[in-house]
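Report on one structure; see the data block that follows.
The values are calculated or read from the model by the stated rules, or taken from the named source; none is laboratory data. All values derive from a computational prediction rather than experimental measurement. As a convention, Cβ positions derive from the backbone with ideal geometry for all residues, glycine included, and neighbour counts pool all protein chains shown.
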Amino acid sequence: MSNPDVSAFVAYATAFEKSYAEDDWSHVERLTHDEVVWSAAGAPPPFGGVWSGRRDTLAQIRTSVGGFDRRFDERVPRILSGPTPIPGGVHMSWAVVYRRAGLPDFELQGEEWDLFQDGKLVLHREVIHNAKETADFLARHGASLRPAR
């Protein structure tokens, strides 16, 4: 038997990857609740913080992707565990490998809790596990990355 929250998560994750690839965040917007709360812990601003509402959340996603992900040549996400059903949503651990020609690969590690209402994301709580290593990588190699956009 399928779990509706796992199905909602898979739909959201698929929309996220499509939005990233096309740089068209309308795919994610359709699956995000008007009153969503997005929380990213373990990272300094502008990447870490709490955002409320669809408009501010989507703006934050674009800021984060433009300020980090798109600065690399390649981004390879993978699920480490989950998505595991929890009351109202899912929990998942993940890693994303980032590559840029001439630089060592960097792996961002974290986990998230996502809650859904009527198939739409209402709460995203993300924790970055290697924020210090991320800051160190950016301090050492930031000048060799693409400019933030």
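Output yes when any residue across region 42-54 is in contact with a Lys or Arg (Cβ under 7 Å, 6 or more places away or on another chain), at pLDDT 95 or above and either under 16 Å from ASP114 (Cβ atoms) or in a helix (DSSP H, G or I) (or both), and no when none is.
For region 42-54, residues in contact with a Lys or Arg (Cβ under 7 Å, 6 or more places away or on another chain), at pLDDT 95 or above and either under 16 Å from ASP114 (Cβ atoms) or in a helix (DSSP H, G or I) (or both): absent.
What do you reckon, is VAL10 part of a strand (DSSP E or B) and more than 13 Å from the chain's Cα centre (by Cα)? Let's see the steps before the verdict.
Working: part of a strand (DSSP E or B): no; more than 13 Å from the chain's Cα centre (by Cα): yes.
No, not satisfied.
Just to check your reading of the model, which residue among ALA43, ALA15, ALA11, ALA21 is farther than 23 Å from ILE86 by Cα, of a type outside the set (Asp, Glu) and surrounded by 14 or more Cβ atoms within 10 Å (Cβ to Cβ)?
After applying the criteria, what remains is ALA43.
Scan region 105-116 and tell me whether some residue there is at pLDDT 95 or above and assigned to a loop (DSSP other than H, G, I, E, B).
Yes - at least one qualifying residue is present in region 105-116.
Does VAL97 satisfy being surrounded by 15 or more Cβ atoms within 10 Å (Cβ to Cβ) and either among the hydrophobic types (A, V, I, L, M, F, W, C) or over 27 Å from LEU145 (Cβ atoms) (or both)?
The answer is no for VAL97.
Would you confirm, using the coordinates I've provided, whether VAL28 is outside any strand (DSSP E or B), in contact with a helix residue (DSSP H, G or I) (Cβ under 9 Å, 6 or more places away or on another chain), within 26 Å of ASN3 (Cα to Cα) and in contact (Cβ under 8 Å) with a residue 24 or more places away in the chain?
yes
Quickly run through region 74-93 and pick out the residues that are within 27 Å of LEU145 (Cβ to Cβ), free of Cβ contacts under 8 Å to residues at least 60 places away in the same chain and surrounded by fewer than 16 Cβ atoms within 10 Å (Cβ to Cβ).
Scanning region 74-93 gives GLU74, VAL76, ARG78, ILE79, LEU80.
Within region 51-58, does at least one residue satisfy the condition of being hydrophobic (A, V, I, L, M, F, W, C), within 14 Å of the chain's Cα centre (by Cα), within 26 Å of ALA148 (Cα to Cα) and surrounded by 13 or more Cβ atoms within 10 Å (Cβ to Cβ)?
Within region 51-58, one or more residues are hydrophobic (A, V, I, L, M, F, W, C), within 14 Å of the chain's Cα centre (by Cα), within 26 Å of ALA148 (Cα to Cα) and surrounded by 13 or more Cβ atoms within 10 Å (Cβ to Cβ).
Output the number of the condition that LEU103 fails; it satisfies all remaining conditions of (1) touching a residue at least 40 places away in the same chain (Cβ under 8 Å); (2) within 17 Å of THR14 (Cα to Cα); (3) hydrophobic (A, V, I, L, M, F, W, C).
Looking at each condition in turn, LEU103 falls short on (2).
List pairs: first residue in region 117-138 and in contact (Cβ under 8 Å) with a residue 12 or more places away in the chain and within 19 Å of LEU80 (Cβ to Cβ), second residue of a type in the set (Phe, Trp, Tyr) and in a helix (DSSP H, G or I) anywhere in the structure, Cβ distance under 6 angstrom, at least six positions apart or on different chains.
That search, which allows pairs on different chains as well, returns nothing.
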